[in-house]
Structures are given as C-alpha cells and as structure tokens.
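The values are calculated or read from the model by the stated rules, or taken from the named source; none is laboratory data. The shown structure was predicted, so the numbers you read here are calculated from the model rather than taken from an experiment. Here Cβ is always computed from backbone atoms with ideal geometry, including for glycine, and neighbour counts include all displayed protein chains.
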Amino acid sequence: YTIDPAQITAHIQPTMYGIFFEDINMGADGGLYAELVKNRSFEFGDALQGWKTEGGNGIVKVVDRSSERADNPHVINVDITSNSGAFSLINEGFRGMGIKKGEGYNFSVLSKQAADSKVKLTIELRDEAGKVIATTDLLPNGTTWAKHSAKLVATASANKAKLYISFKGKGSVDMDMISLFPQHTWKNRANGLRADLVQKLADMKPGFLRFPGGCIVEGRELKTRYQWKKTIGDIDTRENVINRWNTEFKHRLTPDYYQSFGLGFMEYFMLSEDIGAEPLPILNCGMACQFNSGELTELGQLDPYVQDALDLIEFANGGPETEWGKLRAQLGHPAKFNLKMLGVGNENWGPNYIDRWKIFHKAIKAKYPDVKIVTSTGTDPDGARFDTLNTAFRALGADILDEHYYRAPKWFRGNAKRYDKYDRNGPKIFAGEYAAQSVAIASPQNKNNWECALSEAAFMTGLERNADVVAMASYAPLFAHVDAWQWTPDLIWFDNEHSYGTPNYYVQKLYSLNKGTDVVPLLLNDEAVTGQNGIFATASIDKKTNELLIKFVNTTDAKQTAAFDVKGLAKYQPTATITTLQSNKLDAENSLANPVVIAPVVSQLKIAGKNLIVTVEPYSFTVIKLKAK
Ligand code: AHR
C-alpha cells in the first residue's frame, strides 16, 4: 500500500461523524430523559396507565379540565374516605425504576387540598421484593395548585423499583405532574438527562446531533406530528402525544409509549452544545408518515408549518430584540445556539414532498440564506424512488441530501465505492440513517453482531475517502431499552441502571475520534482500497495534531500483513499507536453482562525499516496513528 500524506484529496468536515437521536425504543422517555415516573401527568390514552392503587381507604378519579388546560387536560383527585386504613398510589416506572444505593431522589407533585382536608403523604421506593429502600414524608397543604417537593435517599439499589405514595388522614387531594428524578443527572440539571447515557454520546465527540427523529417527526397522522413549540417552557405545559412507535411491530409490547417532551427542543439544543455537536433539527414538512396514514397538509395551509421553521431559526439564532430569541434567553440561554442547518421532512417522497419542500426552501432561503437545508431522499438507496428524488433535488439546487440505508452486511461491504462517482459540484451528502441488518430491516431478530459492525467499518472507508461529497454520517437508531424496544439493531443498549456500547458503537467512536482533517491517498496498485482481497482502507492527516491516521478493515478470516510505503515516513515518530477492534467470531456481540467482548484494544508498534509494516488479525478493524516528530 502507498500513502502520500502531502497530497490532500478531500477536506473532512468537522461534522463528519455525528449522532441520530429519536425517541424510539424508549430512547427519550424511559431512557435518556431521567424522569422515573411513567405517565406523570395522566395524559396517556388510559389516563391511569402505569398507576395502581392498593388498600381500600381511598378512591382515585381522573378529572378532565380540558376546557381550561387543553395542553394538560387531566389531573387526578384522590379521596381518602376515613382517618384509619391504608391507601397507596403506585407507579411502576418505565419497566421499573433504576435506583442506586446512596443516591438522592427528588420527588415533586403539583397538588391542592380541599379546605377541610388534612392529607399527609409518605413517599417510598420499594424494590422488586417490596422492601422499602427509600422513604420520606410530605405535607402537600394549601388549597391552590402548588408544587410540593421532598428528597429521598436510597439505602439499597434496585433495577425495577416502584414508587409508592401512601395517604394518611381524611380528605381530598388533587394531583398532577407526579415526578421523581435522580439528584445526579447530566450536569446535575433539574429536568435532566441520564448521565451515563449522555457520557456515551460525549465520548464519541460527535460532529452533530440530529433530533428529534426519524418517523416521530412525521407522526402517524398530522395531529401527532412533532411540534417543537409545544416542547419548550414549563414541563407542565408541554402537551403529551402518543409516540409513533407505540406498540410498533408488537415485539416488546409498548402500548404505554407516549412523548412527555420533558426532553424537548431547548434540552436538545443544550445537549448539542454540551457534547460539542452542531444541532440538526428535522421538521415536519406538512406530511404524516407515508408508511402510515400519509396524511397531507394542503399547500395553501402550509404557512404554520413554514412559520415553525422560521421561528425555530430565530429561537436558535435570534438576539434579545427578537420574539423567539428573547424567549430562548428567558428559558435560561441568552447565548445563541448558532444553528447552521435544518431538515425539512424525514423519509418523505413523491411530488407531494417536492411541492412542499419548494415552499419551505423559498421561505427559509429568503430570510436565512446561510442556513443549509437537509433534504430527504429516503430509504431506498438503489431504487427508483431514490433516483427520482435525487434527480429532482439536484436540479432544484438542494444543499444537503439525506440518504438512509438499512441493508444486509454484504450491501455495506459492496458499497464502499458508492460515492466515488457522485457529482463533486452538486449537493453534499448526509448518510443520515444507516445500520447493517443481520436478518432483515426491522426484524426483531437483528443482532448488533461483529459482522454488521465490521461491514459498517468497511463501508465507512468509502464515506471518509469521499469526504469532499459526504459531509455527515450517523448510525441509526441510537438507543434501545432492553425491555422495551421496537427496532433492532441499535447503537447503545441500556436497562434502568446500566448501558453498553455495541461493536457498532465502537466503530462509530473510532471513526469519529480519528477522523483527521483531510483525506490523503492510500492506494494499492494505484487504486483505492475498496474490498480487493477483502481489505478496505483509507488514510487521513490531522493538520491540528500533525498525525497520519490509517483505517484498515480486514474482512477475511486470515491474518494479513500490510506494508505501507508512507512518503516521508522518517518525519514521523518511530512508534505507531495501533487501536484494534477484533473478534474471530462474526456473530460475537456485547451485552449488559459482557459489555466489552468487542471493544478497542490499544498497543504500540515500533517502526523498523523504511516501510510501516502492520500485521492485523482476521475480521479486524484497525486504526494506525503516526505522530509527526
Ligand atoms: O431509525 C428508525 C426509523 O427508520 C426512523 O424513524 C425512520 O426515519 C427510518 O425509517
């Protein structure tokens, strides 16, 4: 192999490797969003879903106040009928609650009591066996709605604990927004995120964060589409919506899957900022999911949708003199988020999409010519639907085309050259959702196995080699709860306490941490290395750190010795750092019990002689790093 570090062939965008986030597989509610109470505001289809009562001393009624509070129409009234006897309200959490010994938990409730009522609460966490592992008392007095809070400290850990609210004293209490958060969230923010999960994202040093999806942007029908304006401000006013993935695929049944929007657009922007990623919001284009109802907004009725897009840009980038910029400051973030790009539509297609896109495009470019628009070309990378959209949007001067591919591992190994012939003067490419499927798209049997991850690593050499066209790429979906998922494979799996990165996660992470700033030629017999003898490779330099970075994927079952004739090798330090992901078993996986079966192993290699000679294991992905002297 020859490498010439002085001959740059493409600049690698800082955004190259990023994150796709969607509330699928309990990725947000029940996952990243650290709220432990399910259905805290009684807005699920069954208003008491997730709740149970115990003891005969009380009655719970759901009160409908939709005429006053359409955004949060349900509260409960708990009537305690006598001074003696027992009554408890129990919340089961999202497949239980993960509780850690020694950790503090912040309980809160919005409530009011009848004037003659004297009800006291005991708040407890009980483990799977019913043992109390945290307890405190709370007196929610007052006849007008107010927030009452109490802190609990856990004396033991539990993976599937429950929240018990026990009532003492005769009377009647109205309750809403019953909430329990761990004290330690990411950056210890109130209404915060699960720190272990955010850390996994931060560790990837992602170039961008795409949110909030995915199909949930579209909704099954337009009334359940994602509307960002309803996801900011006081969490009590964020209107809950059924999740588009509710019971989808009937695998791990999730009839209890709603969006509380506690993780809303403000939190997404702040998360992007926290982890150093460019924010990439995707907005509904006036079309519901075409895999479901395909409901359409008439072209003449599109104004509110377009206005949402314009207002979002102002929310992110506007100064204090603007309506939406001022609101951002009032919500605690006076500094601008510096939004540079925005998606219009997700996996929409056909003339209806093109017609709606043109209206958005015209309005956004007229007011914000520098904001790049991400345009969907769908899930059909080799099909007629893709070709039609690709041709149409190129002719319309689109900035960035968002391609999705969920395909067999073989497809990924066979497509390392996919972008070699793309027009260098046309739109940039965003490989916005991709993942090798071990069985078939959306099959519940798909595995995050090594064959899939290795094939993605092979394919990604082609993304990087074509970095002059491919500006961004993200694996999808991102998260999955082991007890409540709809889609496999997924990048990061978790239960209520722990999480692990799949082999695919480590592939993404290694690419992101070692992307470099510019591609340089790595050739075999004057050709790019795109699968000859089962080998895929690419090289880049990092101008900021003066490093040469080689990515080398061996998809064969044999060891390989690679000799790299690096021009100017003597300019580099004589020791290379080698990071390897490897398994002899293509069906190997990580799991909660064995989280690092496949994980990076780092070693040093002394360079002897005039070539860099590296022996790589069968089925391996190796990153070789040389630092200039
Ligand atoms: O990543 C899962 C789903 O796959 C996304 O919601 C959708 O965009 C795609 O079809």
Restrict the check to the stretch 88-97 and report whether at least one residue is in a strand (DSSP E or B), in the same structural domain as LYS147 (by TED's automatic domain parsing) and acidic (Asp, Glu).
no
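Table: residues versus (1) surrounded by fewer than 21 Cβ atoms within 10 Å (Cβ to Cβ); (2) over 19 Å from GLY56 (Cβ atoms); (3) of a type outside the set (Phe, Trp, Tyr).
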| site | (1), (2), (3) |
| --- | --- |
| ASP79 | yes, no, yes |
| ALA86 | yes, no, yes |
| LEU89 | no, no, yes |
| GLY96 | yes, yes, yes |
| ILE99 | no, yes, yes |
| LYS120 | yes, no, yes |
| GLY142 | yes, yes, yes |
| LYS147 | yes, yes, yes |
| ALA158 | no, yes, yes |
Could you list, ordered by first residue, the pairs with Cβ atoms under 6 Å in which the first is in the stretch 355-376 and within 16 Å of ARG394 (Cα to Cα) and the second is among the polar types (S, T, N, Q), at least 6 apart or interchain?
SER376/ASN346; SER376/ASN348
Just for the stretch 470-486: of the residues that are modelled with pLDDT of 95 or more and in contact with a helix residue (DSSP H, G or I) (Cβ under 9 Å, 6 or more places away or on another chain), which one is nearest to ALA440 (Cα to Cα)?
TYR475
Would you check if LYS101 is more than 24 Å from VAL241 (Cβ to Cβ), charged (D, E, K, R) and either assigned to a loop (DSSP other than H, G, I, E, B) or in contact (Cβ under 8 Å) with a residue 60 or more places away in the chain (or both)?
yes
Residue tally, condition more than 10 Å from the ligand (Cβ to nearest atom) and part of a strand (DSSP E or B), over the stretch 475-492:
4
Subset of the stretch 329-364 [away from the ligand (no atom under 16 Å from the Cβ), of a type in the set (D, E, K, R) and in contact with a strand residue (DSSP E or B) (Cβ under 8 Å, 6 or more places away or on another chain)]:
LYS340, ARG356
Look at GLN290 and say whether it is of a type outside the set (Ser, Thr, Tyr), surrounded by fewer than 22 Cβ atoms within 10 Å (Cβ to Cβ), touching a residue at least 24 places away in the same chain (Cβ under 8 Å) and within 16 Å of the ligand (Cβ to nearest atom).
yes
Out of all the residues in the stretch 432-442, which are away from the ligand (no atom under 13 Å from the Cβ) and either surrounded by fewer than 23 Cβ atoms within 10 Å (Cβ to Cβ) or over 13 Å from PRO477 (Cα atoms) (or both)?
SER438, VAL439, ALA440
If you go through the stretch 255-273 one residue at a time, how many are at pLDDT below 95 and farther than 14 Å from GLU22 by Cβ?
2
Out of GLY55, GLY45, GLY30, sole residue that is in the same structural domain as ALA158 (by TED's automatic domain parsing) and either touching a strand residue (DSSP E or B) at 6+ places or on another chain (Cβ under 7 Å) or more than 20 Å from ASN106 (Cβ to Cβ) (or both):
GLY55
Looking at the stretch 182-193, can you tell me whether even one residue there is within 16 Å of the ligand (Cβ to nearest atom), of a type in the set (Val, Ile, Thr) and outside any strand (DSSP E or B)?
no
Flagged in the stretch 534-547 as touching a residue at least 24 places away in the same chain (Cβ under 8 Å) and closer than 25 Å to ARG413 by Cβ, in numbering order, are ILE535, PHE536, ALA537, THR538, ALA539, SER540
Looking only at the stretch 212-246, count every residue that is more than 15 Å from the ligand (Cβ to nearest atom) and among the polar types (S, T, N, Q) and tell me the total.
4
Output yes when any residue across the stretch 270-284 is assigned by TED's automatic domain parsing to the domain that holds LEU222, in contact with a helix residue (DSSP H, G or I) (Cβ under 6 Å, 6 or more places away or on another chain) and more than 21 Å from VAL198 (Cα to Cα), and no when none is.
yes
Flagged in the stretch 365-390 as small (Gly, Ala, Ser), under 29 Å from LYS421 (Cβ atoms) and more than 16 Å from the ligand (Cβ to nearest atom), in numbering order, are ALA384
So which of LEU209, LEU197 ends up being within 16 Å of the ligand (Cβ to nearest atom) and either farther than 22 Å from PHE44 by Cβ or surrounded by fewer than 21 Cβ atoms within 10 Å (Cβ to Cβ) (or both)?
LEU209
Examine the stretch 27-36 for a residue that is in contact (Cβ under 8 Å) with a residue 60 or more places away in the chain, within 16 Å of the ligand (Cβ to nearest atom) and not in a loop (DSSP other than H, G, I, E, B), and state whether such a residue exists.
yes
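Which strands (runs of 3 or more DSSP E) does the stretch 532-629 wholly contain that include 3 or more residues that are touching a Leu at 6+ places or on another chain (Cβ under 7 Å)?
Answer list for the stretch 532-629: 535-542, 547-554, 575-582, 620-627.
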Assess whether GLY318 counts as being under 27 Å from the mean Cα position of the chain (by Cα), surrounded by 18 or more Cβ atoms within 10 Å (Cβ to Cβ) and more than 22 Å from PHE430 (Cβ to Cβ).
yes
Cβ pairs under 7 Å, 6+ apart or interchain, first in the stretch 406-428 and surrounded by fewer than 14 Cβ atoms within 10 Å (Cβ to Cβ), second in a loop (DSSP other than H, G, I, E, B), ordered by first then second residue, are ASP420/ASN466; ARG424/ASP468; ARG424/VAL469
From the options GLY85, GLY30, GLY50, GLY96, residue that is on the phi > 0 side of the Ramachandran plot and out of contact with any Lys or Arg (no Cβ under 9 Å at 6 or more places or on another chain):
GLY85
Would you call GLN301 surrounded by 12 or more Cβ atoms within 10 Å (Cβ to Cβ), in the same structural domain as GLY214 (by TED's automatic domain parsing), over 24 Å from TYR405 (Cβ atoms) and not acidic (Asp, Glu)?
no
Out of (1) crowded, with 22+ Cβ neighbours inside 10 Å; (2) of a type in the set (Ser, Thr, Tyr); (3) under 17 Å from the mean Cα position of the chain (by Cα), what's the single condition that is false for THR538?
(3)
Is it true that GLY130 is in contact (Cβ under 8 Å) with a residue 12 or more places away in the chain, at positive phi, in a loop (DSSP other than H, G, I, E, B) and in the same structural domain as ILE99 (by TED's automatic domain parsing)?
no
